[in-house]
């Protein structure tokens, strides 16, 4: 089992472009969580998804950010019209239970907006 | 406000010395507390959770509700313990939704 796979590892975008971050959960896991880590800060919860459903998006910025976890394929975190403040490390985690435990993290995608 | 505070950004000790990584939290209900660890070039992984009351790699952590703390302790540090440690809190039945502290880098010198 390869674990939670995130790609790309590093993503550079110019201001105004779109960023797409992908997360393939561990095999058999149907619960996906996205976290963001700004420089010098801890990880902050963004969104929790199950297959085809957004369960909790209380941590998502109201504009420009969206997430999906389709029936087939990876979960996608999409950031439209990126700004410099979006530069951060984005982590995905998955679980096979709706209690969220244990949580398995990916290596993260480091987004840099120039 | 719900918050997890790790007051030390960096903790440096010598091998064999005791280690205590501090974690304080602010939460109005009955949270569940966790310690996560990230070794160099590895993923963030669960170290221990307070409801398990177990010792992992020699580390223990006791939830002190009176002091709202969940400090991580080890009596004798090893060089392989060098890593980034995050304290985290869950306030719901879904423990995948966590509030993390800023993290403490533990450096164990030979």
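The values are calculated or read from the model by the stated rules, or taken from the named source; none is laboratory data. Source: prediction; values computed, not measured. Here the Cβ is made from the backbone with ideal geometry for all residues, glycine too, and neighbour counts use every protein chain on show.
Things worth noting here:
- Test: residue in segment B:32-54 that is in contact with a strand residue (DSSP E or B) (Cβ under 6 Å, 6 or more places away or on another chain), surrounded by fewer than 13 Cβ atoms within 10 Å (Cβ to Cβ) and at pLDDT 95 or above: no
- Selection within segment A:67-92 - part of a loop (DSSP other than H, G, I, E, B), away from chain B (no Cβ under 14 Å) and in contact with a strand residue (DSSP E or B) (Cβ under 6 Å, 6 or more places away or on another chain): A:74, A:82, A:87
- Residue within segment A:8-23 that is surrounded by fewer than 16 Cβ atoms within 10 Å (Cβ to Cβ), touching a residue at least 60 places away in the same chain (Cβ under 8 Å), touching a strand residue (DSSP E or B) at 6+ places or on another chain (Cβ under 8 Å) and within 14 Å of chain B (Cβ to nearest Cβ) present: yes
- Only one of the numbered conditions (1) within 14 Å of another protein chain (Cβ to nearest Cβ); (2) in a strand (DSSP E or B); (3) touching a residue at least 24 places away in the same chain (Cβ under 8 Å) is violated by residue B:40, and that is (2).
- Tally of residues being in a strand (DSSP E or B) and either within 24 Å of residue B:28 (Cα to Cα) or away from chain A (no Cβ under 14 Å) (or both) across segment B:54-82: 8
- A single member of B:9, B:22, B:15, B:57 is touching a residue at least 24 places away in the same chain (Cβ under 8 Å) and on the phi > 0 side of the Ramachandran plot, and it is B:57.
- Cβ pairs under 9 Å, 6+ apart, first in segment B:91-108 and more than 10 Å from every other protein chain (Cβ to nearest Cβ), second assigned to a loop (DSSP other than H, G, I, E, B) and buried (at least 20 other Cβ atoms within 10 Å of the Cβ): B:91/B:31; B:91/B:97; B:104/B:6; B:104/B:23; B:106/B:77; B:108/B:77
- Check on residue A:36, assigned to a loop (DSSP other than H, G, I, E, B), more than 10 Å from chain B (Cβ to nearest Cβ) and either touching a helix residue (DSSP H, G or I) at 6+ places or on another chain (Cβ under 8 Å) or buried (at least 16 other Cβ atoms within 10 Å of the Cβ) (or both): no
- Residue within segment A:45-60 that is over 19 Å from residue B:94 (Cα atoms), within 14 Å of chain B (Cβ to nearest Cβ) and either surrounded by 16 or more Cβ atoms within 10 Å (Cβ to Cβ) or over 11 Å from the mean Cα position of the chain (by Cα) (or both) present: no
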